[in-house]
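Step one of this worksheet: look at the structure below.
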Amino acid sequence: MRETFWTDDPRDLLRVRDGFVLATSPTNARPGFDRGKKHGAYALSEGSAVLRELQERLFAAGTVGTRRQVLLVLQAMDTAGKGGIVTHVIRAVDPNGVHYVAFKKPNEVELAHDFLWRVAKQVPAAGELGVFDRSHYEDVLIARVRELVPPKEIERRYDAINRFELGLVDSGTVIVKVMLHISKDEQKKRLTRRLDREDKHWKYNPADVDERLHWDEYQDAFQRVFEKTSTDWAPWYVIPADHKWYARLAVQHLLIEALDGLDLGWPEVGYDIEAEKARLAAS
């Protein structure tokens, strides 16, 4: 039996439901986990082995045509820890079965199409664990804050996203949407550390301060995203991210439960195992 380190299932504690208010949601809490960083590191290590086997089962199923896949959508303010999720959670699994995409500012070709055009081309294939580091939600977050498109178009996009994600779910995709929730003060500390350390200067982007000046507008934009796109088929999870170790552990748990829920066994083979053992021994 798999060991659990949680006092309560974080899926229930972190899921966005009716009445959720981002402004009053704590950024330094540890819902469902009453131990400290040391135990969190141990739990993450133990969970990596579990996640690796479940992801391998998914990948194996895809090789025989099983149409099941998982998509992790990561959204957050700058420095909230998306990169750490990729490094400490995703890299623990077989990279052959991972489809990672970091969406950047759309180019001219992408801007000539609907905002979902470039996203649809990157959805995970059968057997893959997809990771969107930022995603189609940038088109209703930064696009709203920076007024890149009219408000009427933003409202249209919410409905388009819901239809798009429902189509993915209907085709066998489990979607795990995560917002890493960091405080403004913690972001300032992390940006300051990047400036104070020579080995972190490369991670600092002056544009991060420009976006920071719109902090309240981004919080409002995220709130609207949750209200419009946290659905039964693709709910949002808001994870307190002031403690990086907790955020990584929570995302790992969400992925483990998503993969475990697929209930995938190892694919049956089309050959006689005992006969192959005999042939191999005689070869």
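Within the range 16-51, the set of residues being part of a helix (DSSP H, G or I) and under 30 Å from E217 (Cβ atoms) comprises L22, A23, T24.
Residue pairs whose Cβ atoms lie under 6 Å apart, separated by 6 or more positions or on different chains, with the first residue in the range 68-80 and closer than 28 Å to D263 by Cβ and the second charged (D, E, K, R), are Q69/E128; V73/K177; L74/K82; L74/D133. Restricting to the range 85-136, what's the tally of residues that are in a helix (DSSP H, G or I) and within 21 Å of L54 (Cβ to Cβ)? Total satisfying the criteria: 10.
For the range 257-269, give me the residue count where each residue is open to solvent by less than 90 Å² (accessible area, probe 1.4 Å), modelled with pLDDT under 95 and farther than 17 Å from A49 by Cα. Here the count works out to 2. Taking first residues from the range 228-248 that are within 25 Å of S45 (Cβ to Cβ) and partners that are open to solvent by 40 Å² or more (accessible area, probe 1.4 Å) and not in a loop (DSSP other than H, G, I, E, B), the Cβ contacts under 8 Å between residues at least 6 apart in sequence or on separate chains come to Y237/R11; Y237/R15; H243/K37; W245/K37; W245/A41; R248/H88. When the range 56-83 is filtered for residues that are in contact with a strand residue (DSSP E or B) (Cβ under 9 Å, 6 or more places away or on another chain), open to solvent by 10 Å² or more (accessible area, probe 1.4 Å) and more than 16 Å from G172 (Cα to Cα), the ones remaining, listed by number, are M77, G81, K82, G83. In a helix (DSSP H, G or I) and closer than 24 Å to P235 by Cα: is that true of I154 in this structure? For I154, the condition - in a helix (DSSP H, G or I) and closer than 24 Å to P235 by Cα - is met. Could you grab me the full set of residues in the range 189-214 that are open to solvent by less than 80 Å² (accessible area, probe 1.4 Å), without any contact (Cβ under 8 Å) to a residue 60 or more places away in the chain and either in contact with a strand residue (DSSP E or B) (Cβ under 9 Å, 6 or more places away or on another chain) or not in a helix (DSSP H, G or I) (or both)? Passing the criteria: only Y204. Listed by first and then second residue, the pairs linking a residue in the range 151-175 that is under 13 Å from P124 (Cβ atoms) to a residue that is open to solvent by 60 Å² or more (accessible area, probe 1.4 Å), with Cβ atoms under 6 Å apart and 6 or more places separating them unless they lie on different chains, are V169/W233; G172/R67; G172/R68.
The values are calculated or read from the model by the stated rules, or taken from the named source; none is laboratory data. In this text, all values refer to a predicted model and were calculated from it rather than measured experimentally. With ideal geometry, Cβ positions are generated from the backbone for all residues, glycine too; neighbour counts draw on all protein chains shown. In case anyone asks, the SASA skips ligands and DNA or RNA and just uses the protein heavy atoms, side chains included. Shrake-Rupley method; radii C 1.70, N 1.55, O 1.52, S 1.80 Å.
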